[in-house]
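Structure first, then comments.
The values are calculated or read from the model by the stated rules, or taken from the named source; none is laboratory data. Model, not experiment: these values are computed from the prediction. Every residue, glycine among them, receives a Cβ derived from its backbone with ideal geometry; neighbour counts consider all protein chains shown.
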């Protein structure tokens, strides 16, 4: 009996500790993969109405888990999930590349509006070089750039890619990103791990001709350095393109989890990975972080704690020491939980809960991103329960990006409580500013009694809203006696304003 009591008290202490340690600012994001209809839409032949219903349901599921950002794949294979003059509609959306939704709507604009209503950020995910995942060129629209300028493309491993060594490739990619940033109210541009493609056995990437034609000062024996330079150039240019339009829009990269093994570079991690960013994908993530040409990094740490060749614990510690002060989020593999093909660690208990607990040891970690939406929402091994009851019990604001300069906007004014019979409303005047100081949403805090309490404790947040009014009786909180309310404005730079003076009333 005493043993059971001890176990219960220990469990209670652990849960209480988790709740007490929950930060007010934390990235809690989920990837929504559109390629091959992994997450959305579930089928290529869905009606426009069904697509919208699926997305609303998905976003509502994220709200229940206090998710505050999505990473939406809008350019999976040199195509578009939005109307574009540069690239055709994606066949993953309508079943035929170049065919727009019928009845017509703009999926990206729709998702941005629905996400922002729920105070969820939208990071748009593009693949820089991939054109088609097979040899079947018949999939491509007749208006695709491939048929207008075939010299821009190469075939490798039975797939087609832009040639990264060409100036035209970088110029076109910058035009695509420029178009999206100018037209849409997004929070970030996001690339994953696909730069140069993963190596294919006994096949060399066919860029010898472009290397000879445009060596840019690299010697014949420096092709690997030239390839890395190709990627470095496009990363630098894209950062400049984004910031020249909207300085508050972030540029994030989610690389393969191993930069280099320490067997080939003493700066690398104590791993034995068969793939390395630097050597195989020609992505020098550390250079970008050190120089600030990217704003955040999300290493895909899709391995379990204790894995011999790529131990999660080793890698999370390594990235924490090598993020160069930039925002660091950890890519977690929620879809792996409980699958038959996975290592036993993923089938016994909840590996992600173990990893989330481990992440708390590293203050450099600013949050997590889950791959991917369908697996995340299935509540595998009770993951959603763990998030809702402990890790993400309270709302969290997305972290301020340390690589971006910004300032707070004005505070909301004239906060008041209005009674209408049994109803009670909290109102305030809207904050009207422009650019990066434009209000993204408001944060509402509530405290028992007549004094303002701790604004750094997310347990005191009762709402995040894009409106300037909330119905207090619709809140999940029960207000009794005197209550004091405070409102702040969070702008596009993610800075929170000075709080309003507290409004107190007996409810």
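Condition first: in contact with a strand residue (DSSP E or B) (Cβ under 6 Å, 6 or more places away or on another chain), assigned to a loop (DSSP other than H, G, I, E, B) and either surrounded by 22 or more Cβ atoms within 10 Å (Cβ to Cβ) or free of Cβ contacts under 8 Å to residues at least 12 places away in the same chain (or both). Now tell me which residues in the stretch 187-196 satisfy that.
Within the stretch 187-196, just 187 meets the criteria.
Given the conditions (1) buried (at least 22 other Cβ atoms within 10 Å of the Cβ); (2) in contact with a strand residue (DSSP E or B) (Cβ under 9 Å, 6 or more places away or on another chain); (3) touching a residue at least 40 places away in the same chain (Cβ under 8 Å), and given that residue 270 satisfies all but one, which numbered condition is not satisfied?
For residue 270, the exception is condition (1).
Step by step: first the residues of the stretch 83-120, then only those that are more than 23 Å from residue 134 (Cα to Cα) and in contact with a strand residue (DSSP E or B) (Cβ under 7 Å, 6 or more places away or on another chain), then the one that is surrounded by the most Cβ atoms within 10 Å (Cβ to Cβ). Which residue is that?
Taking the candidates together, the pick is 111.
I'd like to know if the stretch 160-178 contains one or more residues that are over 23 Å from residue 35 (Cα atoms) and part of a loop (DSSP other than H, G, I, E, B).
Keep residues of the stretch 160-178 that are over 23 Å from residue 35 (Cα atoms), which gives 165-168, 171.
Still in the running and part of a loop (DSSP other than H, G, I, E, B): 165-166.
Yes - at least one qualifying residue is present in the stretch 160-178.
Can you name the residue in the stretch 278-294 that is touching a strand residue (DSSP E or B) at 6+ places or on another chain (Cβ under 9 Å) and not in a helix (DSSP H, G or I) and is also surrounded by the most Cβ atoms within 10 Å (Cβ to Cβ) among such residues?
283
Residue under question is residue 239, and the condition is that it be under 20 Å from residue 27 (Cβ atoms) and in contact (Cβ under 8 Å) with a residue 60 or more places away in the chain; does it hold? Step through it out loud before you land on a result.
Details: under 20 Å from residue 27 (Cβ atoms): yes; in contact (Cβ under 8 Å) with a residue 60 or more places away in the chain: no.
Against the criterion (under 20 Å from residue 27 (Cβ atoms) and in contact (Cβ under 8 Å) with a residue 60 or more places away in the chain), residue 239 does not qualify.
Go through the stretch 199-224 and give me each residue that's touching a strand residue (DSSP E or B) at 6+ places or on another chain (Cβ under 9 Å), surrounded by 12 or more Cβ atoms within 10 Å (Cβ to Cβ) and in a loop (DSSP other than H, G, I, E, B).
Residues satisfying the conditions are 205, 206, 207.
So if I check each of 155, 150, which one is surrounded by fewer than 17 Cβ atoms within 10 Å (Cβ to Cβ), more than 28 Å from the chain's Cα centre (by Cα), at pLDDT 95 or above and more than 23 Å from residue 202 (Cα to Cα)?
Values: 155 fails: more than 23 Å from residue 202 (Cα to Cα).
Step by step, each of 155, 150 is checked, and only 150 is surrounded by fewer than 17 Cβ atoms within 10 Å (Cβ to Cβ), more than 28 Å from the chain's Cα centre (by Cα), at pLDDT 95 or above and more than 23 Å from residue 202 (Cα to Cα).
Within the stretch 442-462, track down each residue that is part of a strand (DSSP E or B) and under 23 Å from residue 391 (Cβ atoms). I'd like the intermediate steps shown before the answer.
First, pick out the residues of the stretch 442-462 that are part of a strand (DSSP E or B): 442-448, 461-462.
Within the stretch 442-462, 443, 444, 445, 446, 461, 462 qualify.
Take the stretch 244-265 and flag every residue that is outside any loop (DSSP other than H, G, I, E, B), without any contact (Cβ under 8 Å) to a residue 40 or more places away in the chain and under 29 Å from residue 332 (Cα atoms).
261
Are any residues in the stretch 363-383 crowded, with 21+ Cβ neighbours inside 10 Å and outside any strand (DSSP E or B), and if so, which ones?
Passing the criteria: 371, 373, 375, 376, 377, 383.
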